[in-house]
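Engineer: Have a look at this one.
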Protein chains: 4
Amino acid sequence: MEQKCSAVIIGVGPEQGLGASLASFFAGKGLHVFIAGRSEDKLHKIADKIRQTGGTVSTVLADATVERDVAHLFKMAQLDGYRVDIAAYNVDSNIPSPLLETDAEIFTTLWRQNCLGAFFFGKEAVKAMKGWHKGTLFFTGATASLRAKPPFTAFAAAKAGLRALAQGMAREFGPQGIHVVHTIIDGVIDGERARNQFPDYVKAKGMDGLLQLDAIVETYWAIHQQHPSAWTHELDLRPFKEPF
Amino acid sequence: MEQKCSAVIIGVGPEQGLGASLASFFAGKGLHVFIAGRSEDKLHKIADKIRQTGGTVSTVLADATVERDVAHLFKMAQLDGYRVDIAAYNVDSNIPSPLLETDAEIFTTLWRQNCLGAFFFGKEAVKAMKGWHKGTLFFTGATASLRAKPPFTAFAAAKAGLRALAQGMAREFGPQGIHVVHTIIDGVIDGERARNQFPDYVKAKGMDGLLQLDAIVETYWAIHQQHPSAWTHELDLRPFKEPF
Amino acid sequence: MEQKCSAVIIGVGPEQGLGASLASFFAGKGLHVFIAGRSEDKLHKIADKIRQTGGTVSTVLADATVERDVAHLFKMAQLDGYRVDIAAYNVDSNIPSPLLETDAEIFTTLWRQNCLGAFFFGKEAVKAMKGWHKGTLFFTGATASLRAKPPFTAFAAAKAGLRALAQGMAREFGPQGIHVVHTIIDGVIDGERARNQFPDYVKAKGMDGLLQLDAIVETYWAIHQQHPSAWTHELDLRPFKEPF
Amino acid sequence: MEQKCSAVIIGVGPEQGLGASLASFFAGKGLHVFIAGRSEDKLHKIADKIRQTGGTVSTVLADATVERDVAHLFKMAQLDGYRVDIAAYNVDSNIPSPLLETDAEIFTTLWRQNCLGAFFFGKEAVKAMKGWHKGTLFFTGATASLRAKPPFTAFAAAKAGLRALAQGMAREFGPQGIHVVHTIIDGVIDGERARNQFPDYVKAKGMDGLLQLDAIVETYWAIHQQHPSAWTHELDLRPFKEPF
């Protein structure tokens, strides 16, 4: 891979999380990675780990729901002369809530984090990529992207919006050489968040029943490698024994 | 029909519009109608017309995207001792915009009007209906509810969110006797808005090619009349010669 | 309604079944009904009942999967000078079967009854209707039309085929004035078949949990009555408390 | 890769076709390939080419729509002690036909080739794979798998059936370790068939506008390589500038 290629990933938090795993993997493939998130501490831990394995990385403190943060993130990447080959929107927040207990703040927050931030990110990514007529832009969806079930109605409304955003962008920017991808993670990722938030579920599923981080990342890479004559816009990712 | 039944409709604007048509029709069926919108003038014109034909109506100035306005609207209905039999969210705003020309304000406004307001409205409607274990709650969708195409990506993101909201609410409140309906208007309604905003399109389609207001309203009523053992949650409405 | 209007319904069997209910209802609305099925005995019982309530009816022995039977059915209708206003394909056969226990015969039979017969029927209906540039053609689908779950994979493959047939026909013949409708019956109909085949399920659901025949029929009629400027192609019908 | 791994591919015809390309690629990865089709001549040409590049291959004359042919194919593979790691159903036949010009034979033939044969093949593949609790089973779909448009209604009815079959099988056999995949080829493959059947279309699209065989094959391989904790069941493949 030539010099100066880079990947920009937002929503990087826990070390055992999808953002960190994507960053480590892409760094391992020789891309400089820009990792962005809201916790400087977490970003530094991940950056250290990437550097220890020979990768190069920049950390950018950024809140995906703040437009100027997102613009700044991509400015940083381009300032240093990097081409953005991959941009991954990995912010995903979920708050289970029966509808009558869902207030305007929950409904809005979920939309801001799962959808509005993706709009900011997608727009800046396209601006960075379109001069090169190439690049892959990932949006990470969930089961709820396709089906709204209580108590996840507010989450589903946000994720459905994200899916439409990704689809509209694919139709608009695919012909300009930008590969827009929407992944549907249909199951629980075996990471820090699940282990902290619902340890019993994790235990009940067993290791086989959770999506392994490495496994997801391999597929993102394979999709990035696709030849423009046969691009995938949408695909599901699901543990083999997950009911669907 | 017994006394004191009512319908609450928000998004009532032009006389030749879906909100006004629903209101007139429901009033004709003997329901007291609460019509809400942002223009007092327009509401009064419609109310006058309804009264002239023997209906009863209350007008409520309300912005669907302002939660207290929506709460006030349903409070008004209940204060007077009305049961809310039908609630129709009829706000629909669309701004065509290529993605790179779409700013945060457009993206947010479309979501607020097509999705957030529907959340406020749906929640209040359910609160008003659930004591009776009955009522029909309509959300009006569009072609873009199912497919995102530029330059309607922001609109589609909002409408897809609305669809998920409606679906999650149907699953949550159907078993409690509340009939949640999502209609997909796949085409252009023959009303004031279309005639003003894109007269050439209207002319090109011909009268047959636009959805007639009366025709839509008849179907809303038929869906409201459905027996609980065979409810429709989602249906499309499309001119016979509309390509799809 | 003018003279000489008619409805053609195939898949008429038990008295407490959708075919019989559609026939009785349409006859009650003044249409002459042609009812077709494989049991002369059952057809006569239903015909007698229709006549007793003042309707007019013809019985035609026909197997929907035999092309000449279907052609003959429509020939009969037209011979007598009737215009075919409604044609309903109501054949629905389901055999639960894990895939490895499903043989070629089961797989083929389900397809012949749910899909091939619908093709024969749809084609003849269009031929009968197209001179008038009007008519409504109903195809009855099921939950499995949208989702394939074992042990209903073979059934789902057939019903998905039916759905595609209906959709393609709607696109082809809608602009010619023929209203093609696909209904998704998402639940169990409260009829003879369910009571005989799975009495425990029927008991467990309670009357509210099953689709009432009259309720379904009302919606079919409402859809038939739709103005061409606002036609529904697809809609679901589901008991209010059915999980989905 | 260990000894005795194999891939079974049916629907192998032209040298510049998806079946042949999958076979060559899998052979290049060290799998013994069983290639099946209706033309002995074509099979031999492809086999020769595979052997010239160091691969090992067996040819089996088989019509996918004949159950005993399909059973024989898998018997051959297992007789020689091969484990079936990959099975790919690659039969795809399309006949554009307005509905009123579509006869029973066209409708049935398309279903037999696109759906019934897939049922035979899928069933035998599962039988061969289930003892090992692993294996990847590919079904190749098309744009029409999701949307039925004239003059492709009969084709769509068959492809929708195939999609349901694949989905039901994924739900039934995924938990047993068998990875069932449905690919949606949304565009035209740059192969012999397109060049012969619609040369003008091929020319108009330009090389970029057609799916390259190698590109498709890379993705099939990547999907086969997926870890069971993050399997894809369905994905689209589309030239970057294909409208959708």
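Engineer: Could you tally the net charge around C:THR153, taking each other residue with its Cβ under 14 Å from the Cβ of C:THR153, Lys/Arg +1 and Asp/Glu -1?
Structural biologist: Net local charge, C:THR153 excluded: +3.
Engineer: Rg (Å, one decimal) plus Dmax (Å, integer) for the alpha carbons of chain B?
Structural biologist: Answer for chain B, Rg first and Dmax second: 17.1, 54 Å.
Engineer: Say a label goes 7 Å from Cα toward Cβ at C:ASP48 in every copy; what distances in nm does this one have to the rest, shortest first?
Structural biologist: Computed spacing set for this position: 6.4, 7.5, 8.9 nm.
Engineer: Scan around D:GLY141 for amide H atoms under 5 Å from its own, H built in the peptide plane at 1.01 Å from N, and keep only partners 5 or more places away or cross-chain.
Structural biologist: It is D:THR183, D:ILE184, D:ILE185, by chain and number.
Engineer: Going 7 Å from Cα along the Cα-Cβ axis for the label, what nanometre distances separate B:ASN196 from the same residue across the other copies?
Structural biologist: Spelled out, the distances from B:ASN196's label point are 5.1, 6.1, 6.1 nm.
Engineer: Would you tell me which residue of chain B has the beta carbon closest to the rotation axis bringing chain B onto chain D, and how many whole Å away it is?
Structural biologist: Residue of B nearest the axis onto D, distance in Å: B:ARG147, 5.
Engineer: Further question: So which GluC sites (Glu not before Pro) in segment A:155-244 are both in a DSSP loop and have at most 15 other Cβ atoms within 10 Å of their Cβ?
Structural biologist: Loop-located and lightly packed - none at all.
Engineer: With n ≥ 4 as the cut-off for DSSP H runs, can you work out [θ] at 222 nm for the protein assembly as shown, using -39500 (n - 2.57) per run divided by the number of residues, rounded to the nearest 500?
Structural biologist: -13500 deg cm²/dmol
Engineer: Using the charge dipole of segment B:70-187 (Lys, Arg: +1 at Cβ; Asp, Glu: -1 at Cβ; taken about the Cα centre), state which of B:THR183, B:ALA128, B:ILE106 has its Cα farthest towards the positive end.
Structural biologist: Final value for the positive-end residue is B:ALA128.
Engineer: Still on this model: Report the per residue volume, in Å³, of the convex hull enclosing the C-alpha atoms of the protein assembly as shown.
Structural biologist: So the per-residue Cα hull volume is 175 Å³.
Engineer: Copy-to-copy spacing for B:CYS5, label 7 Å out on the Cα-to-C-beta vector, in nm, shortest first?
Structural biologist: So the label point of B:CYS5 gives 2.5, 6.6, 6.7 nm to the other copies.
Engineer: Rounded to whole Å, give me the distance from the Cα center of segment C:182-208 to that of segment D:6-29.
Structural biologist: Centre-to-centre (Cα) distance: 47 Å.
Engineer: Do any of B:LYS159/B:LYS203; C:LYS159/C:LYS241; B:LYS134/C:LYS45; C:LYS159/C:LYS203; A:LYS159/B:LYS130; B:LYS4/B:LYS45 go past 30 Å between their Cα atoms, and which?
Structural biologist: Where the Cα-Cα span goes over 30 Å, the pairs concerned are B:LYS134/C:LYS45.
Engineer: With a sphere of radius 13 Å drawn around the Cβ of A:THR183, what net charge do the other residues whose Cβ falls strictly inside it have (Lys, Arg +1; Asp, Glu -1)?
Structural biologist: -4
Engineer: Provide C:TRP111, A:TRP132 ordered by accessible surface of protein heavy atoms (probe 1.4 Å), highest first.
Structural biologist: Heavy-atom accessible area, descending, gives A:TRP132, C:TRP111.
Engineer: Next question, about the same structure. Given the protein assembly as shown, what percent of its DSSP beta bridges are antiparallel, to the nearest 5?
Structural biologist: 5
Engineer: In chain C, what percent of the accessible surface is made up of carbon and sulfur (1.4 Å probe, ligands and nucleic acids excluded)?
Structural biologist: 50
Engineer: Assign unit charges at the C-beta atoms only (+1 for Lys and Arg, -1 for Asp and Glu), then state the dipole size of segment A:21-76 relative to its Cα centre in Debye, rounded to the nearest 20.
Structural biologist: 200
Engineer: In a shell of Cβ-Cβ distance under 14 Å around D:ARG171, excluding D:ARG171 itself, what net charge do Lys and Arg (+1) and Asp and Glu (-1) give?
Structural biologist: 0
The values are calculated or read from the model by the stated rules, or taken from the named source; none is laboratory data. Bear in mind that the values here come from a model prediction, so they are computed numbers and not experimental data. Every residue, glycine as well, gets a Cβ built from its backbone with ideal geometry; the counts of neighbours run over all protein chains shown. Ligands, DNA and RNA are excluded from the accessible area calculation, which covers all protein heavy atoms including side chains. Shrake-Rupley method; radii C 1.70, N 1.55, O 1.52, S 1.80 Å.
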